[in-house]
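All of the numbers you see were taken from the coordinates with simple rules; none came from a lab. Computed from a prediction, not measured in an experiment: that's the story for all the values here. Counting neighbours? That spans all protein chains shown, and the Cβs are built from the backbone with ideal geometry, glycine included.
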Amino acid sequence: MGQSIRVSGQAPASSSTAKNSHSNATYTVKSGDTLDKIARVNNMTIQQLKSKNHLTSSLIFPGQVLKINTLTSNPDNSKNTTEVYVVKLGDSLSTIAKRYNLSLSALLKINPNISNSDRIRIGQTIRVSGKASASAIKKPSKSTQADQVLAAGAKYMGAKYVYGASTSRTDVFDCSSFTLRAFQSAGVSLPRNSVAQSHVGTAVSSKSLQKGDLVFFDTNNDGVINHVGIYAGNGQMLNASTSKGVSYANINNSYWGPSFVKAVRVLN
């Protein structure tokens, strides 16, 4: 599962302050959700979430309404924002903390769910919650949508490959059930198999690839597409491969490079 890290910081803009307090909110369980995922996104432990909802097990169902914690604040001259940051190649907790004017110890203190400060993953989602000036607030973009897809896929890192895996399963995948699942997080519906997925969206060249593009391969060299992955940038794709399951791979290596067929862009 993708770890969510809450970062509490303030962009330099205003000297006024706001008093925050916890209040109750609700969350409706969606397909693919787990208590771990819901707890992390809302800066709670699993035990806190279970206790708040009087749950005796970790079993939850789509449509189930759970009580969660949220922050409310008194109005002031700045805007309270919640922004999702997705870990990229070269990031560390130290660099992320510095970006939000925090010390590493302060970042760790407000994120007790971080068990190892030396390990974060590419594609891991980091929740940045704090007070930013209006000029610092960014609208959702194609890039953040792609990051959302990649973060959703990275939650299943290490899941094994099973040909023809059911789309309802998240413990095993084949290549196209994995891409289908990841894109669902961004509200994009894909066909079930790789050949059908290759016919959606807009074709793009290998030199114009952007994060979130679908990349297709013919590893049997018989003229038929038989594999699909999600381009993650820097020549890497996130995919469910027969040998490694859900993992990152270099699309230009000696195996994938010669097998590349096409790429399509399905994110607006």
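Suppose R0 equals 25 Å; then what is the FRET efficiency for Thr167 and Asn250 from their Cβ-Cβ distance, rounded to the nearest 0.05?
Once the sixth-power term is evaluated, E becomes 0.40.
Calculate the dipole size of the range 143-265 relative to its Cα centre from +1 charges on Lys and Arg beta carbons and -1 charges on Asp and Glu beta carbons; express the result in debye to the nearest 20.
That gives the range 143-265 a dipole magnitude of about 160 debye.
Using 0.36 nm times the number of residues separating His54 and Arg99, minus their current alpha carbon distance, what extension gain do you get? Don't skip to the answer; put the middle values down first.
Working: separation 45, 0.36 × 45 = 16.20 nm, distance 3.84 nm.
Stretched out fully, the His54 to Arg99 stretch lengthens by 12.4 nm.
Neighbouring Cβ atoms within 10 Å as the yardstick, rank Arg99, Arg181, Arg265 fewest first.
Arg99, Arg265, Arg181
Only counting other Cβ atoms within 10 Å, I'd like Ile225, Ile230, Ile60 sorted with the fewest neighbours first.
Ile60, Ile225, Ile230
In Å, what Rg and Dmax follow from the Cα atoms of the range 143-265?
12.7, 36
Counting other C-beta atoms within 10 Å, which of Phe61, Phe260, Phe183 has the fewest, and how do the rest follow? Walk me through the numbers before you get to the answer.
On the way: Phe61 8, Phe260 15, Phe183 24.
Ordered from fewest to most neighbouring Cβ atoms within 10 Å, Phe61, Phe260, Phe183 come out as Phe61, Phe260, Phe183.
Take the residue pairs Lys30/Lys67; Lys37/Lys155; Lys98/Lys155; Lys30/Lys244; Lys30/Lys155 and return only those whose Cα atoms are more than 21 Å apart. Walk me through the numbers on the way to the answer.
Details: Lys30/Lys67 14 Å; Lys37/Lys155 9 Å; Lys98/Lys155 26 Å; Lys30/Lys244 28 Å; Lys30/Lys155 15 Å.
Beyond 21 Å: Lys98/Lys155; Lys30/Lys244.
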